[in-house]
Amino acid sequence: MSDVKSVTALGGKSFGGLVRVAEAPLQGMITVRGDLGLASVKEAATGLTKAEMPATGRIETGAEGAIAWMSPDELLVLCAYADAAPSVPKMEDTMAKDFASAADVSDARAMFRLEGALSREVLAKLSPADLSVEGCAVGQMRRTRLAQVPAAIWFTDDETASVICFRSVADYVFALLKTAAQPGSAVGLAPAG
């Protein structure tokens, strides 16, 4: 067994401006691909997280994690980082009779949290998606782009957003978020609280 300790992409960087932008701690992430209507796929995802299966475009939180709908044949299962790798073989066993797969993508992704009344405005400066309360309600999962890179965004409440991107572009995404959150850069897209 390796003695190498896992670390986040940016060592927990954070910035305070219009909103607080912070790299999240290590997060377990498992991509599940297959027919989302299959009982085995549902069991694999919900059994690990204790969350309900999400409806199209939604994220559901349970006692042990969350399940995000990513596309008609893809879920992103969020769990404790230490649980991700050992959970994949169990999930694959559960889905073994069906054409479905699970892969630990925890170390291939980075996650950021934005906290503050202007979180939607900061993200809207970078994304073509409608990130208003009507366009991206609490609990809705939005796949979009932040400037030049793909990202997934969801709000856990009206002032807190999570952003997932590829780990290889984490520094770029942090720089984008930091720039969009600079003090004095509000453009009036969202109420100041």
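Does at least one position in the range 66-73 carry a residue that is within 18 Å of residue 94 (Cβ to Cβ), modelled with pLDDT of 95 or more and surrounded by 24 or more Cβ atoms within 10 Å (Cβ to Cβ)?
Looking for residues that are within 18 Å of residue 94 (Cβ to Cβ), modelled with pLDDT of 95 or more and surrounded by 24 or more Cβ atoms within 10 Å (Cβ to Cβ), one finds at least one in the range 66-73, hence yes.
Kindly establish whether residue 100 is closer than 22 Å to residue 42 by Cβ, crowded, with 18+ Cβ neighbours inside 10 Å and in contact with a Gly (Cβ under 8 Å, 6 or more places away or on another chain). Don't jump to the end; show me each part of the working.
On the way: closer than 22 Å to residue 42 by Cβ: yes; crowded, with 18+ Cβ neighbours inside 10 Å: yes; in contact with a Gly (Cβ under 8 Å, 6 or more places away or on another chain): yes.
Yes, satisfied.
Within the option set 56, 46, being of a type in the set (S, T, N, Q), surrounded by fewer than 13 Cβ atoms within 10 Å (Cβ to Cβ) and at pLDDT 95 or above holds for one residue only, 56.
The range 26-74 holds strands (runs of 3 or more DSSP E) entirely within its bounds, and those carrying 1 or more residues that are among the aromatic types (Phe, Trp, Tyr) and in contact with a Pro (Cβ under 6 Å, 6 or more places away or on another chain) map to 65-71. Checking each residue of the range 95-114 against the condition of being farther than 24 Å from residue 172 by Cα, modelled with pLDDT of 95 or more, out of contact with any His (no Cβ under 7 Å at 6 or more places or on another chain) and in a helix (DSSP H, G or I) gives no match.
Check whether at least one residue in the range 84-94 is assigned to a strand (DSSP E or B), closer than 21 Å to residue 167 by Cα and either at pLDDT below 95 or not aromatic (Phe, Trp, Tyr) (or both), and report yes or no. Show your work before the answer.
As a first pass, look at the range 84-94 and keep what is assigned to a strand (DSSP E or B): none.
No: zero hits.
The values are calculated or read from the model by the stated rules, or taken from the named source; none is laboratory data. Treat the numbers as computed from the prediction; the structure is a model and nothing was measured. All Cβ positions, even for glycine, are placed from backbone atoms using ideal geometry, and neighbour counts span all protein chains on display.
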